[in-house]
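Here's the structure, in structure tokens; my notes come after.
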Amino acid sequence: MAGAGRILAVLLLAMVPGTAETAVAEPAPPSWTGSWETAPSGTAPALPGAAIRNVVHLSVGGTAVRVRLGNRFGTAPLRLGAVTVALRRGAGPGAVPGTLRTATFHGAPTVTVPPGRDTVTDPVPLSVPAAADLLVTVYTPEDSGPATYHQTALQTSYVARDGAGRAADQGGAAYTRTVSSWYYVTGVDVLGAASGCIVAFGDSLTDGNGSTPDANHRWPDRLAARVRADRLGVLNAGISGNRLLRDGTGPRALARLDADALDRAGVRVLVVLEGINDIKGTPTADDATAYADAYRALVARAHARGLRVVGVTLTPYRGFSAYTGAREAVRQRVNAFIRTGGTFDAVADADAALRDPTDPTRLLPAYDPGDHLHFNDAGMTVVAETVRRALARIPLVNRSLVTAPW
């Protein structure tokens, strides 16, 4: 497993113009790489006066962090009265003693974020290990309108209703309310020796629906564990309910591609698992050519940034309420394009890996959490391994895709 990851690390170095083979053995200079991400999915009512202690799980570590915070779907300027970061102690809202740091914005402890925009903190000196839980606490002193959030976190975070001064609390006693969404925070970069990161781009199948909450068992988490020894981060840009062809929950794939994937620090590979919500949604999108055109556009934009792209086949869902034979025929045509259309640099055939051999229109029961659409923990592990194998099959040298040095 680690050997295949080393192949991928060689791939990433080989794609950089002028990189010698001996560079593989040399330590890379510290650089910023994405370690965690969530894609904003919409808005929730603001929590004026509260401090929200978001719990996020890093993939790779480093010696400093910087945090991306968003007002992307807000309708008014967002005032952040305080933002802190700390390593999480145990399973609650408390911080590891001595790790809590105040984040600044161009040297100031507060910032106002215009509607439709993100902001990034200054670098925060804090040594964070790989696979660590980080607490990102955001204090919003007033009602700034709808809060940009990621609804389906599958992670418990915490709220102090009277948040004034609480962002600096090392202990968690004031954080008496729990939430299951991430508020405002959309990414964490680390400064270190990582080789770069992989962005998993998709819908609820990538977001983690069906996996155990508070366990980090989504398939991007499982993939992160498999490539961690090779210093590769994995970012999760899945949004439950998202679509490839039209807006659904969150903007459609092409509309959010830059902000949620291509613009992330250190991204090297894009993994795309998106389209099932178009097939089973209303109105039904039954023109396979439209899917092919959208995939080609995604790949072309990623290639223009020097990224490789892995296409993941759409998995079975017979037994789910929206299943029909006509929609299944669309899925088969779309999968045929993903497998044989020549658009992607590699293909991860999750359909073949997860389907029931006695009825290929259904998930194998061992991977089905019961809704016949999403994946349980075992299914998430299989997807992660299928993607890892696809990454190892990407050609080692193809510099024509690189338009600018990384």
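The values are calculated or read from the model by the stated rules, or taken from the named source; none is laboratory data. Model, not experiment: these values are computed from the prediction. Virtual Cβ from ideal backbone geometry, glycine too; neighbours counted across all protein chains shown. SASA here: full protein model, heavy atoms, side chains in, ligands and nucleic acids out. Shrake-Rupley method; radii C 1.70, N 1.55, O 1.52, S 1.80 Å.
Exactly one residue among Val382, Val387, Val402 is closer than 23 Å to Arg308 by Cβ, of a type in the set (A, V, I, L, M, F, W, C) and at pLDDT below 90, and that residue is Val402.
The set of residues in segment 306-342 that are part of a helix (DSSP H, G or I), open to solvent by 20 Å² or more (accessible area, probe 1.4 Å), touching a Ser or Thr at 6+ places or on another chain (Cβ under 7 Å) and over 21 Å from Ile198 (Cα atoms) contains only Arg327.
Table: residues versus (1) open to solvent by 30 Å² or more (accessible area, probe 1.4 Å); (2) β-branched (Val, Ile, Thr); (3) outside any loop (DSSP other than H, G, I, E, B).
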| position | (1), (2), (3) |
| --- | --- |
| Phe344 | no, no, no |
| Asp371 | yes, no, no |
| Gly379 | no, no, yes |
| Val383 | no, yes, yes |
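Taking the conditions exactly as written (touching a strand residue (DSSP E or B) at 6+ places or on another chain (Cβ under 8 Å), buried (at least 22 other Cβ atoms within 10 Å of the Cβ) and without any contact (Cβ under 8 Å) to a residue 60 or more places away in the chain), does Thr178 satisfy them or not? Let's see the steps before the verdict.
Working: touching a strand residue (DSSP E or B) at 6+ places or on another chain (Cβ under 8 Å): yes; buried (at least 22 other Cβ atoms within 10 Å of the Cβ): no; without any contact (Cβ under 8 Å) to a residue 60 or more places away in the chain: yes.
Here the answer is no, as Thr178 does not meet what is asked.
Looking across segment 217-236, the residues that are touching a Leu at 6+ places or on another chain (Cβ under 9 Å), open to solvent by less than 30 Å² (accessible area, probe 1.4 Å) and either of a type in the set (Gly, Ala, Ser) or farther than 14 Å from Leu391 by Cα (or both) come down to Arg218, Trp219, Ala224, Gly233. When each of Val136, Val159, Val188 is tested for being closer than 26 Å to Val96 by Cα, within 12 Å of the chain's Cα centre (by Cα) and not acidic (Asp, Glu), the lone residue that passes is Val188. The combined condition, being part of a loop (DSSP other than H, G, I, E, B) and either touching a His at 6+ places or on another chain (Cβ under 6 Å) or open to solvent by 10 Å² or more (accessible area, probe 1.4 Å) (or both), is fulfilled by Thr99.
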